[in-house]
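What follows is calculated from the coordinates using simple rules that are stated; it is not laboratory data. Quick caveat: nothing in here was measured; it's all calculated off a predicted structure. Backbone-built Cβ (ideal geometry, glycine too); neighbour counts: all protein chains shown.
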Amino acid sequence: MIAEILVLIFMPVFVSFMGLLFMGIQRKITARVQNRIGPPFYQQFIDVMKLFSKRENIGHNWVFDIGPIFAIVGMLTTMLFIPMGGFRLLSMDGDLIVVMYLLVISGLGMALGAGASGNPNAGIGVMRGLTLMMAYEMPFVISVLAVMVYYHTTSLAEIVGMQSGMWALIILPLSALVADMALQAQFGKKPFDQPIAPAEVATGPIVEYGGKYLGMLMVAHSIGMFVEAGLFIDIFLGGGLLFHQPGIIWQVFNFLFWVLLVFALYTLAVLVNAIMPRYRIDQAFVFYWKWPTIIAIIGLAYALGVSVW
Amino acid sequence: MVDDEKIVSEDMGVQVEKNENMEMRSFGTVKRWATKRSLWMVHYCTGCGGIELAPLMTSRYDMERFGMHPMVTPRQSDVLLITGYVNIKTLKRIIRTYEQMPDPKYVIAFGSCPINGGPYWDSYATINHLDKYIPIDLYIAGCMPRPQSIVRAFEDLMDMIQDGTADGYMRYKKYYEPYKANQEKIFRKWW
């Protein structure tokens, strides 16, 4: 009981810390790809410190205020259900479906808060964000469905447990490919960063958020990075479990390997981000409902066939 | 230990002459360090100066080395960079942008036009001294200043933030009436 409470306190702090660190390293990597020197790797901490030390925070109304809180709480709630490298906080039958619903809450809360600011740029950004969400959820859900069909379960813990022999990435490569394409949009990286496009809609939903609001949103983003990557790892990369022996040492190694996998997934998205231009929102929508969906349906048919015979 | 808000409210009430150490007193060292190392900039490219910013942001004179990042909305920015001449129509937008930025905020005037009008000093449509309408923390003289001098200016601004001498936003609050009078004088009927 005490251990669970400790983990409950430790994980959000750890995840937001590592998320900010990864985002700082990501800025350095992007800079090196673009032949720049780039900021120091701890730049993101300085940014958050500055944002929280801003003397003035301009709010509009109470719905606007709860937007960032919604974003953080939605991500933390999702985090409770996701096995993270051996740490599992909440678990039950069908929690994969619950997670699929909970993942949306953060974005919807942001949409609510941003819409309350009354800024037209925020409105356009929200519209783009929800359209993009509808676009990438389609292939993502089909590829997750393939995993559910293959393993005959909707419990994340069981899916992780059944992958102790071989990762689902190797058994269902097409579904994993599609899920990684969807991950690009979940991270909000190019070519799918239309909701926060600075040159088009002036950072979209967060256009009115400054100061402490923006600091909270950055923390929510770093938690969300771990949640989204963690879900992919649980489904396709065996939950990051490298060693299956009992013992605290192996658990620590497993956890470190999980963190490393999150970093690898994020770096992959960042490398694509560094060299890509941006789709228009209608192009992104057509892209997601065309090629990834077709590949995902083929992957689903393959999973059905394999699980039947 | 001094209370931030108290000092600010006291300063606001009293007509103090010397204000150089206002920020020094009310800001912690860590806060000042973080503010100085993470200056987000909204650039208002009114004239020809905007062309000098492109090499500053890209790989030639990469300004992200100093933690500086171009921002597109005043709500998220710390520095307002005004490049080039300011005419009356633009000044309205600049003042609106400036007033939307959250404290602490800093203004850098770029080129000789905001200092004394530059080549447009006798135009009917431009203003000559931008400092009459909003408080300027730092000027970059020249026509045009090269990206090196902008980098130098940002280094100076960082030093000023560390010293607590970049207190333009406090001046604006304290001398709001005179600034407003100047603005209304030039805009006459429209605001």
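The share of Cα pairs per 10 Å bin across the range A:112-158, counted from zero up to the longest distance, runs 24, 28, 21, 20, 7 percent. Applying the Karplus relation 6.51 cos²θ - 1.76 cosθ + 1.60 with θ = phi - 60° to the range A:75-82 yields 3J(HN,Hα) values of 5, 5, 5, 5, 4, 4, 8, 9 Hz, where x marks Gly and Pro.
Structure shown: which of A:Lys54/A:Lys189; B:Lys31/B:Lys173; A:Lys54/B:Lys132; B:Lys105/B:Lys173; A:Lys54/B:Lys180; A:Lys50/B:Lys92 lie over 18 Å apart, alpha-carbon to alpha-carbon? From A:Lys54/A:Lys189; B:Lys31/B:Lys173; A:Lys54/B:Lys132; B:Lys105/B:Lys173; A:Lys54/B:Lys180; A:Lys50/B:Lys92, over 18 Å: A:Lys54/A:Lys189; B:Lys31/B:Lys173; A:Lys54/B:Lys132; A:Lys54/B:Lys180; A:Lys50/B:Lys92. The packing ranking, built from the mean of other Cβ atoms within 10 Å per residue, places the peptides A:270-278, A:170-178 in the order A:170-178, A:270-278, highest first. Residue by residue along B:35-44, Cβ atoms of other protein chains within 10 Å of the local Cβ number 3 on average. Applying a DSSP loop filter and a limit of 15 other Cβ atoms within 10 Å to the chymotrypsin sites (Phe, Trp or Tyr not before Pro) in the range A:110-164 leaves nothing. Taking amide H atoms as placed 1.01 Å from N in the peptide plane, the amide H of B:Val107 lies under 5 Å from those of B:Leu80, B:Asp137, B:Leu138, each 5 or more residues away in sequence or on another chain.
Report, in deg cm²/dmol and to the nearest 500, the calculated mean residue ellipticity at 222 nm for chain A, where each DSSP H run with n ≥ 4 adds -39500 (n - 2.57) and the sum is divided by the residue count.
Numbers: 12 runs with 227 residues, N = 309.
Mean residue ellipticity, 222 nm, calculated: -25000 deg cm²/dmol.
Counting, for every residue in A:42-52, the Cβ atoms of other protein chains within 10 Å of its Cβ and taking the mean gives 5.
Compute and list, largest first, the equivalent-ellipsoid semi-axes of the range A:1-128 from the alpha carbon gyration tensor, each √(5λ) rounded to a whole angstrom. It would help to have the intermediate numbers written out before the result.
Details: eigenvalues 149, 117, 52 Å².
The equivalent ellipsoid of the range A:1-128 has semi-axes of 27, 24, 16 Å.
Note that the range A:156-163 has calculated 3J(HN,Hα) couplings of 4, 4, 5, 4, 4, x, 6, 8 Hz, one per residue in order, obtained from phi through the Karplus relation 6.51 cos²θ - 1.76 cosθ + 1.60 (θ = phi - 60°); glycine and proline are x.
Quick check: from the Cα gyration tensor, does the range B:101-191 come out rounded (a/c under 1.5), prolate or oblate? Please list the in-between numbers first.
Values: a/c = 3.00, a/b = 1.17, b/c = 2.55.
Cα axes put the range B:101-191 in the oblate bin.
How big is the range B:36-186 by the Kirkwood estimate over distinct Cα pairs, in Å? All intermediate terms of the calculation are to be shown ahead of the outcome.
Numbers: mean 1/r = 0.0649 Å⁻¹.
Final number for the Kirkwood radius of the range B:36-186 is 15.4 Å.
Ranking A:Tyr209, A:Val141, A:Ala111 by Cα position along the charge dipole of chain A, where only Lys, Arg, Asp and Glu carry charges on their C-beta atoms, puts A:Tyr209 farthest toward the positive end. Phi angles of the range A:45-53 translate, via the Karplus equation with coefficients 6.51, -1.76, 1.60 and θ = phi - 60°, into HN-Hα couplings of 5, 4, 4, 5, 4, 5, 5, 6, 9 Hz per residue; Gly and Pro are given as x. To test your reading of the geometry: what angle, between 0 and 90 degrees and rounded to tens, separates the Cα axis of helix A:120-151 from the longest principal axis of chain A? So the inclination is approximately 10 degrees. How many Cβ atoms of partner chains, on average, are near each residue of B:103-114 if near means within 10 Å of its Cβ? Per residue, the number of nearby Cβ atoms from other chains is 1 on average.
Full extension from B:Thr29 to B:Lys173: what is 0.36 nm times the residue separation minus their Cα-Cα distance, to one decimal in nm?
Separation in residues times 0.36 nm, less the Cα-Cα distance, equals 49.6 nm.
At a Förster radius of 22 Å, what calculated FRET efficiency corresponds to the Cβ-Cβ distance of A:Ile9 and A:Val73, to the nearest 0.05?
0.90
Looking at the range A:1-45, the chymotrypsin sites (Phe, Trp or Tyr not before Pro) that sit in a DSSP loop and have at most 16 other Cβ atoms within 10 Å of their own Cβ are A:Phe41, A:Tyr42. Summed over all non-identical Cα pairs, the Kirkwood treatment of the protein assembly as shown gives a radius of 24.9 Å. In this label model, A:Asp93 and A:Trp289 are separated by 3.5 nm, measuring between points 7 Å along each Cα→Cβ vector.
With the cut-off at under 17 Å, measuring from each backbone N in the range B:76-98 to a point 7 Å along the Cα-to-Cβ line of B:Lys132 picks out B:85-95. DSSP beta bridges confined to the protein assembly as shown are antiparallel in about 10 percent of cases.
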